[in-house]
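The values are calculated or read from the model by the stated rules, or taken from the named source; none is laboratory data. All of these numbers come straight from a predicted model, not from anything done at the bench. Cβ placement follows ideal geometry from the backbone for every residue including glycine, while neighbour counts extend to all protein chains displayed.
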Amino acid sequence: MTGIREQIIIRCCLTAGAIVALYFVLTVIAGISLSYSPVPFWDMWGGTLNFYLAVLDGNTNVWWTQHNEHRIILSRLLFWLDFQLAGGSGVLLLATHPILAGLAAYVFYLFCRQLIIIEPDRARVLSLLCATFFTAWLFQWMQAENFTWAFQSQFFLAQLLPLLTCYLLARSATTSTRPTLWFSAACVAGVASAGTMANGIICLPLMMVYALVTRQSWQRVLVLAVLAAITLSLYFRNYWAPRGHGSVTQALLEQPLDLAQYVLLYIGTPFYFLLGAGIYTTAVAVVAMVATVLMAIVVACFLVTTTRALLSGSRDPRKIWQLALVFYIIYLAGTALGTGGGRLVFGVNQALAYRYTTPALMAWAALFVLLIPGIVRHWRSTRLVVVPAVVVLCYLMISLQLQALNSRQQQIFERSLAALALELDIRDAPRILAVHEMSSALIHIVDLARRRELSVFGNYPLQGLREQLGRFYQAPEELPSCEGYLDIIAEVRGETEYHFIQGWLVNTTTRAPATLIRIVDSNNLTQGFALGGQVRTDVATAIGAYAETAGFGGYMTLPDTDSSIRLIADNNACELGNPALPEIAGELN
């Protein structure tokens, strides 16, 4: 009976774990889909679009060029593939993010398989249960900025590849089957780490120290030392310090306490967000920092015990695997320190940026793996603490994860509207700020992208709109009527010809909101364009839920006093004829 009951409990636990893990994976995929916009966002204008333009012009040096302090070679390969295979839409890039997170969870699972030393069947079950937890942990929506921003693959790569390096090097030191192959793979992963982000350059030096402590052959240590020296010298060749950023040395000398607080918050961000802090609150921040201090104490204990055992001649494989995770956490602590040195000039609160939760989550996952074998060995004395802690943690995680399902339609619309302004060459800085600050460099990139019909400028609904302004448009004299209203005509700062317009429009037959709206005058000359998709709950309340995204925004020239206009939706689907023109308002932010 005991065996049957145990089997039922095991199956229930695995099923529950799989359901929870699936919930996190699916909510992330849903969140990415709900947030998707093909419009480049901030760093993507220079980092992806301008990069690809340079590649098309035959500039091979651009692959190695710095992006801030980073050399994002691997991400640039993904950027190039996205343009080649997906037209620069960002779909391929976004698809890689959950894949990379899933691979990280798998590597932690492999570590569990090596560290959990109990009966094979029980070890396999426990490792699978741990894998479901790590999947949920690493798919938390608190990383939304990294999951939904197509530019952020390097944030996942910069944590995954060093983790893989640690695994491969530990495997090469503990296996009798093709150890040289495992070591070679570790070297490749270590070199590749330098092509992710700036923190990747410390991977090989750390692995060289790890090889020394684990008493690996002098040939291996020498290979790692040579690779580290070559990688570092190449990385810093023609290196320039980004303007406006600080340095670790400067921060240590001038703001040591602030830097320490920054690092503690950086690593503690998962608990800061899990406890529901949407703003910087002292109590929750203290909890996050205390959690990091506790992590540091535990990691220091593991470092001392494993190092002492290995240097005294022990060849216990568990010590080698434990030390690999300790060195990985040290790598992530170095990441936090390096980030703090460069970003402390922006304030301590900057440590709580959502994108920094990815390395923090990885650090805590590594600590959890270190603790699991001890929990298993002392299960009878630890279960009264561990089980409630896991239940509370999962509850907080599941609750926070629901944010992934929130609508981001308004944000998507604002980015589309910014792209429309850029396509029409209307320097509407407040609205363009939704995707990038207005600058001559941005306008130059847009002009080049338009010329080559790349990204959003090569696809419906924006493609070729600028050339159609002021031109004759052959529209049928009678079209089905749209239902809608022109709410606002407002001035645009620095623009004398075009005005910003806002309203709502819906096809009364299909009940479908418009995507692209063409504004023509009584002579059928195109006077402007607008894009649909703005959230209008007031309209939805008035005429029906189908009109929730019937709002539009765009730009047009004002008609003559004796002329009327027509708003024609989506390839002559319907029209709003001669709408009442409101009084011209001042600039709208």
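Among the residues of this structure, Leu206 counts as one that is surrounded by 15 or more Cβ atoms within 10 Å (Cβ to Cβ) and in the same structural domain as Ser153 (by TED's automatic domain parsing). Arg178: farther than 19 Å from Ala404 by Cα, charged (D, E, K, R) and crowded, with 22+ Cβ neighbours inside 10 Å, yes or no? It is false that Arg178 is farther than 19 Å from Ala404 by Cα, charged (D, E, K, R) and crowded, with 22+ Cβ neighbours inside 10 Å. Among the residues of the range 542-576, those identified as under 23 Å from Gln468 (Cα atoms) and of a type in the set (A, V, I, L, M, F, W, C) are Phe552, Met556, Leu558, Ile565, Leu567, Ile568, Ala569, Ala573, Cys574, Leu576. If you go through the range 434-448 and keep only what is among the β-branched types (Val, Ile, Thr), in a helix (DSSP H, G or I) and either in contact (Cβ under 8 Å) with a residue 24 or more places away in the chain or at positive phi (or both), you end up with Ile445, Val446. Exactly one residue out of Ala389, Ala366 is in the same structural domain as Ala144 (by TED's automatic domain parsing), modelled with pLDDT of 95 or more and either of a type in the set (Gly, Ala, Ser) or surrounded by 14 or more Cβ atoms within 10 Å (Cβ to Cβ) (or both), and it is Ala366. Let me spell it out: the conditions are (1) touching a helix residue (DSSP H, G or I) at 6+ places or on another chain (Cβ under 6 Å); (2) touching a residue at least 40 places away in the same chain (Cβ under 8 Å); (3) farther than 16 Å from Ala158 by Cα, and Ala228 meets all of them except one. Which number is the exception? Ala228 satisfies all of (1) touching a helix residue (DSSP H, G or I) at 6+ places or on another chain (Cβ under 6 Å); (2) touching a residue at least 40 places away in the same chain (Cβ under 8 Å); (3) farther than 16 Å from Ala158 by Cα except (2). Within the range 477-513, the residues that satisfy the criterion of being β-branched (Val, Ile, Thr), surrounded by fewer than 14 Cβ atoms within 10 Å (Cβ to Cβ) and in contact (Cβ under 8 Å) with a residue 60 or more places away in the chain are Thr508, Thr509, Thr510. Of the residues making up the range 236-260, those that are surrounded by fewer than 21 Cβ atoms within 10 Å (Cβ to Cβ), closer than 30 Å to Ala144 by Cα and under 26 Å from the mean Cα position of the chain (by Cα) are Ala241, Pro242, Arg243, Gly244, His245, Gly246, Ser247, Val248, Ala260. Hey, any hits in the range 18-38 for a residue that's in contact (Cβ under 8 Å) with a residue 60 or more places away in the chain, surrounded by 19 or more Cβ atoms within 10 Å (Cβ to Cβ) and not in a helix (DSSP H, G or I)? Looking through the range 18-38, at least one residue is in contact (Cβ under 8 Å) with a residue 60 or more places away in the chain, surrounded by 19 or more Cβ atoms within 10 Å (Cβ to Cβ) and not in a helix (DSSP H, G or I). Is it fair to say Val263 is modelled with pLDDT of 90 or more, surrounded by 15 or more Cβ atoms within 10 Å (Cβ to Cβ) and either closer than 21 Å to Met362 by Cβ or within 27 Å of the chain's Cα centre (by Cα) (or both)? Yes: the conditions hold for Val263. Just so you know, in the range 455-470 the residues that are in contact (Cβ under 8 Å) with a residue 60 or more places away in the chain and within 29 Å of the chain's Cα centre (by Cα) include one that is surrounded by the fewest Cβ atoms within 10 Å (Cβ to Cβ), and it is Asn459. In the set Arg452, Arg408, only one residue is in contact (Cβ under 8 Å) with a residue 60 or more places away in the chain and either within 22 Å of Tyr36 (Cβ to Cβ) or touching a strand residue (DSSP E or B) at 6+ places or on another chain (Cβ under 7 Å) (or both); that residue is Arg408. Filtered by the rule that a residue be β-branched (Val, Ile, Thr) and either within 20 Å of the chain's Cα centre (by Cα) or within 30 Å of Thr515 (Cβ to Cβ) (or both), the range 389-412 gives Ile398, Ile412. The residue pairs whose first member lies in the range 64-77 and is under 20 Å from Gly338 (Cα atoms), whose second member is part of a loop (DSSP other than H, G, I, E, B), and whose beta carbons are closer than 6 Å, counting only pairs six or more residues apart or on different chains, are Asn68/Pro242; Glu69/Pro242; His70/Met197; Ile73/Gly195.
When Val284 is tested against (1) closer than 17 Å to Leu396 by Cβ; (2) without any contact (Cβ under 8 Å) to a residue 12 or more places away in the chain, only condition (2) is not met. Checked against the criterion of being more than 23 Å from Glu423 (Cβ to Cβ), more than 33 Å from the chain's Cα centre (by Cα) and hydrophobic (A, V, I, L, M, F, W, C), the range 540-552 has at least one qualifying residue. Answer with yes or no whether Tyr473 is in contact (Cβ under 8 Å) with a residue 40 or more places away in the chain, aromatic (Phe, Trp, Tyr) and surrounded by 13 or more Cβ atoms within 10 Å (Cβ to Cβ). Answer is yes for this residue. For the range 50-63, a tally of residues being aliphatic (A, V, I, L, M), closer than 27 Å to Ile201 by Cβ and touching a residue at least 60 places away in the same chain (Cβ under 8 Å) returns 0. Checked against the criterion of being surrounded by fewer than 21 Cβ atoms within 10 Å (Cβ to Cβ) and either aromatic (Phe, Trp, Tyr) or closer than 16 Å to Thr269 by Cα (or both), the candidates Leu332, Leu337, Leu303 yield just one match: Leu337.
For the range 340-383, a residue qualifies if it is part of a helix (DSSP H, G or I), hydrophobic (A, V, I, L, M, F, W, C) and more than 18 Å from Cys130 (Cα to Cα), and the qualifying residues are Leu344, Val345, Phe346, Val348, Ala351, Leu352, Ala360.
Among the residues of this structure, Ala131 counts as one that is closer than 21 Å to Phe24 by Cβ, in the same structural domain as Ile398 (by TED's automatic domain parsing) and touching a Phe, Trp or Tyr at 6+ places or on another chain (Cβ under 7 Å).
Scanning the range 175-198 for residues that are in contact with a Lys or Arg (Cβ under 9 Å, 6 or more places away or on another chain) and over 30 Å from Pro242 (Cβ atoms) yields a count of 5. The single residue among Thr15, Thr48 that is more than 25 Å from Phe133 (Cβ to Cβ) and of a type outside the set (Gly, Ala, Ser) turns out to be Thr48. Evaluation of Ala490 against the conditions (1) more than 24 Å from Ala429 (Cβ to Cβ); (2) not in a loop (DSSP other than H, G, I, E, B) shows that the sole unmet condition is (1). Taking first residues from the range 249-271 that are closer than 20 Å to Tyr356 by Cα and partners that are basic (Lys, Arg), the Cβ contacts under 9 Å between residues at least 6 apart in sequence or on separate chains come to Tyr262/Arg343.
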